[in-house]
Ligand SMILES: Cc1cc2nc3c(=O)[nH]c(=O)nc-3n(C[C@H](O)[C@H](O)[C@H](O)COP(=O)(O)OP(=O)(O)OC[C@H]3O[C@@H](n4cnc5c(N)ncnc54)[C@H](O)[C@@H]3O)c2cc1C
Ligand code: SF4
């Protein structure tokens with residue numbers, strides 16, 4: 001028998017980058033808010049950085065890939081039909097526990113790709129409309145960076161100065177200068193100085209595994225404490241399996257399993273989905289009902305479709321000097337946006353960013369991540385020495401265009417530990433993305449050689465690179481070609497909202513989370529201004 | 001290890017140690033991974049993590065069936081070039097398990113403090129020590145700051 005809880009105004013599903021922002025914003029305005037999260041709180045002392053075996057944990061119980069971790073709070077993902085594996089973390093804070101917190105913004109042109117380049121679709125909003133919410137999310141999470149970037153519009157002062165770029169960042173920056181290419185210190189949601197009671201980063205280097213100093217903008221430390229103080233109830237170990245609806249197709253709440261496997265029902269005036277670009281379509285597809293035979297709010301038929309990943313190529317330069325490349329936040333030094341916009345003389349549209357990154361410890365070097373494993377046998381030691389602690393990586397983030405055949409479906413057999421159908425991901429790399437990556441690989445080699453790299457190794461398409469999950473419940477003005485409207489409100493039901501990367505129309509050529517956070521705050525602002533009917 | 005009844009015999013341990021010496025041979029500063037006594041660590045880790053446990057079991061099983069090893073009295077008794085040839089055959093026939101097995105050997109080898117010292121890696125957890133880096137110096141922006149804004153207006 002199902003346990004029914006007292007009703008709330010707003011029920012948020014998922015506590016990561018987007019869900020936390022909505023919880024904080026609406027609780028500030030007096031809404032009653034409950035958030036259901038399938039994972040648990042993680043204590044800072046649990047993070048691998050605090051342990052000697054951190055590199056082993058990075059490959060096992062703390063792996064980026066939920067299929068490798070296989071923890072009870074994870075759900076498996078069928079990736080048989082995808083050359084890229086989706087990556088995520090399931091806990092209070094969601095994937096911000098794992099993220100590297102590199103936080104560039106979309107460019108104004110990214111919202112207008114149809115008008116400018118004749119591809120995909122324009123967004124139903126502009127950069128200017130989103131800008132105040134970008135600023136607010138930067139403030140909330142804590143952004144380090146500096147004004148004056150010629151590749152981006154001028155903007156409000158960041159709350160903190162840039163992180164140190166280190167001697168390796170400087171070497172790369174000077175190479176870009178010599179080539180006449182753009183570069184700029186990366187915006188990062190990492191504290192370069194103490195910020196709002198959280199410590200500054202001490203450059204330990206392993207940003208991607210949870211920061212035990214609280215220096216990284218993870219929502220468990222940057223947002224949740226204040227939201228909880230505001231009265232939000234964050235219910236952990238609560239795995240949602242269905243959004244419930246009435247005969248008019250409006251949400252009545254959500255059903256979930258608690259830690260003991262009991263079925264619970266949480267009634268609410270409105271439901272906000274924030275389970276990320278794979279988790280949200282999964283639960284919406286699993287919420288099919290009489291009102292929604294093809295999945296929740298899926299009258300357009302586009303739910304789960306248009307999945308975008310940012311296919312990644314990695315180009316690594318091996319140097320033979322004394323600079324240690326593992327010291328400093330892993331992926332937060334500088335970026336280059338010389339090739340960001342469409343260049344009509346090339347054989348592809350849209351462009352890419354280089355995110356300059358560091359290397360990691362001896363196990364990652366030997367087992368290989370950015371490029372292949374060090375060979376075993378007689379050549380092992382020489383090759384290890386060549387690659388260890390002297391690698392600078394240009395990670396290529398190319399703009400992936402939306403295609404309906406790239407999608408998330410429910411797997412007919414695979415389930416999570418509660419028996420809820422798991423997602424299956426179908427993805428093919430488009431020829432446009434391939435040509436874009438090839439161009440980026442060639443230019444990266446030029447830059448790395450200019451910086452003095454003695455060898456350059458490349459990975460043409462990184463498999464473990466599905467960090468960015470976008471597009472599967474896209475926004476738009478036309479209900480026939482989008483799932484939610486410009487405010488993230490479902491076209492089919494005015495009390496169902498989607499706030500994660502699912503709503504992206506296109507994905508730009510930058511990491512998505514500042515944009516996800518800004519959109520989430522904008523939706524919350526809309527609910528606060530326009531939907532007083534949802535407040536008790 | 002996934003097959004709970006599977007345990008390693010003394011003979012398996014000998015083979016594992018010999019194989020580890022081939023995967024990571026001796027260097028100028030240190031003996032090979034097997035000779036360093038790391039087989040026990042590999043066995044321990046394989047016992048904790050299914051992925052590596054299965055790889056170890058499959059590789060040792062396959063080596064015990066290797067015809068030349070049977071004829072000669074065991075893998076460890078083969079000549080080095082025969083041992084390498086046997087491993088190369090496994091590498092191409094059992095790609096997935098061999099891959100994980102090599103990872104296992106690398107993991108235990110590169111977790112060892114003696115190896116850290118050899119390669120110049122500061123051993124121990126990353127926190128709370130971190131690293132000192134000079135703070136960001138804006139003078140490095142001198143060249144790029146001179147560039148006219150080039151973002152695309154819409
Ligand atoms: C290793 C890694 C590095 C990254 N680096 C960067 C970076 O440098 N810059 C950047 O911009 N982005 C980065 N990202 C991406 C970034 O983390 C995500 O874009 C962001 O966290 C997405 O926010 P979200 O709220 O949509 O989802 P998430 O943060 O993933 O949160 C979703 C939450 O929903 C919960 N959930 C899911 N299903 C259910 C269910 N059925 N019931 C209850 N709860 C559920 C999950 O447990 C999770 O906590 C990285 C991601 C990874 C994995
Ligand atoms: S590099 Fe900085 S932000 Fe990253 S984990 Fe270490 S201290 Fe935290």
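Here, each number is a calculation from the coordinates, and none is a lab measurement. Since this is a predicted model, take the numbers as computed values, not measurements. Virtual Cβ from ideal backbone geometry, glycine too; neighbours counted across all protein chains shown.
Sort A:510, A:221 so that the residue with the fewest other Cβ atoms within 10 Å of its own Cβ comes first and the one with the most comes last. Working shown, then result.
On the way: A:510 27, A:221 23.
Neighbour counts put them in this order, fewest first: A:221, A:510.
By DSSP, what percent of the beta bridges with both residues in chain A are antiparallel, rounded to the nearest 5? Mind dumping the intermediate values first?
Working: 46 of 68 bridges.
Among the beta bridges of chain A, antiparallel pairing accounts for roughly 70 percent.
Rounded to the nearest 500, what is chain B's calculated 222 nm mean residue ellipticity when only DSSP H runs of at least 4 contribute -39500 (n - 2.57) each, over all residues? Write down the numbers at each step before the final one.
Working: 8 runs with 86 residues, N = 154.
Estimated from H runs of four or more residues: -17000 deg cm²/dmol.
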With everything on Cα atoms, drop me the angle between helix A:276-285 and the longest principal axis of chain A, reported from 0 to 90° to the nearest 10.
30
Any chance you could check the Cα centroid distance between region A:136-189 and region B:85-118 for me, in angstrom?
40
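Efficiency by 1/(1 + (r/R0)^6): what FRET value for residue B:116 and residue A:178, r their Cβ-Cβ distance, R0 = 30 Å, to the nearest 0.05? Before the final figure, lay out each step's value.
Details: r = 36 Å, r/R0 = 1.20.
E between residue B:116 and residue A:178, to the nearest 0.05, is 0.25.
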What FRET efficiency do you get for residue A:260 and residue A:460 if R0 is 41 Å and r is their Cβ-Cβ distance, rounded to the nearest 0.05?
0.30
Inter-label distance, nm, simple model (7 Å from Cα along the C-beta direction), residue A:442/residue B:92:
3.4
Label-point separation, residue B:142 to residue A:129 (7 Å along Cα→Cβ), nm:
4.5
Return one number: the angle in degrees, 0 to 90 and rounded to the nearest 10, between the long axis of the Cα atoms of helix A:166-179 and the longest principal axis of the Cα atoms of chain A.
80
Quickly work out the residue A:226-to-residue B:9 label distance, labels modelled 7 Å from Cα along the C-beta direction, and quote it in nm with one decimal.
6.6
So how much slack lies between residue A:431 and residue A:373, counting 0.36 nm per residue of separation and subtracting their Cα-Cα distance, in nm?
18.1 nm
What angle do you read, to the nearest 10 degrees and between 0 and 90, between the alpha-carbon axis of helix A:127-141 and the longest principal axis of chain A?
80
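Can you give the calculated 222 nm mean residue ellipticity of chain A, where each DSSP H run of n ≥ 4 adds -39,500 (n - 2.57) and the sum is split over every residue, rounded to the nearest 500 deg cm²/dmol? Walk me through the intermediate numbers first.
Values: 13 runs with 129 residues, N = 536.
One gets -7000 deg cm²/dmol as the mean residue ellipticity at 222 nm.
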Using a/c under 1.5 as the rounded threshold, could you call chain A rounded, prolate or oblate? The axes a ≥ b ≥ c are square roots of the C-alpha gyration tensor eigenvalues, and prolate needs a/b larger than b/c, oblate otherwise.
prolate
Zone residues, region A:279-293, relative to residue A:247, backbone N less than 20 Å from point 7 Å out along Cα-to-Cβ
A:288-293
When the label point is put 7 Å from the Cα of residue B:44 along its Cα-to-beta-carbon vector, which residues of region A:45-66 have a backbone N closer than 16 Å?
A:52-57
Starting from the Cα gyration tensor of region B:3-122, take the square roots of the eigenvalues, sort them a ≥ b ≥ c, and report rounded, prolate or oblate (rounded when a/c is under 1.5, otherwise prolate if a/b is larger than b/c, else oblate).
oblate
Computed from the beta carbon distance with a Förster radius of 60 Å, FRET efficiency for residue A:536 and residue B:150 to the nearest 0.05 stands at 0.75
Order of A:454, B:154, A:240 from fewest to most other C-beta atoms within 10 Å?
A:454, B:154, A:240
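Would you mind ranking A:219, A:245, A:415 so that the residue whose beta carbon has the fewest other beta carbons within 10 Å leads the list? Kindly include the intermediate steps, with their values, before the conclusion.
On the way: A:219 27, A:245 23, A:415 13.
So the residues, fewest neighbours to most, are A:415, A:245, A:219.
Assuming a ≥ b ≥ c are the square roots of the Cα gyration tensor eigenvalues, decide whether region A:411-536 counts as rounded (a/c under 1.5), prolate (otherwise, with a/b larger than b/c) or oblate. Don't skip to the end; give the middle numbers.
Values: a/c = 2.64, a/b = 1.81, b/c = 1.46.
Prolate, since a/c reaches 1.5 and a/b exceeds b/c.
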So what's the gap between the Cα centers of region B:140-154 and region A:436-497, to the nearest angstrom?
24
Highest-MSF residue in chain B out of B:138, B:25, B:128 [GNM, Cα springs under 10 Å]
B:138
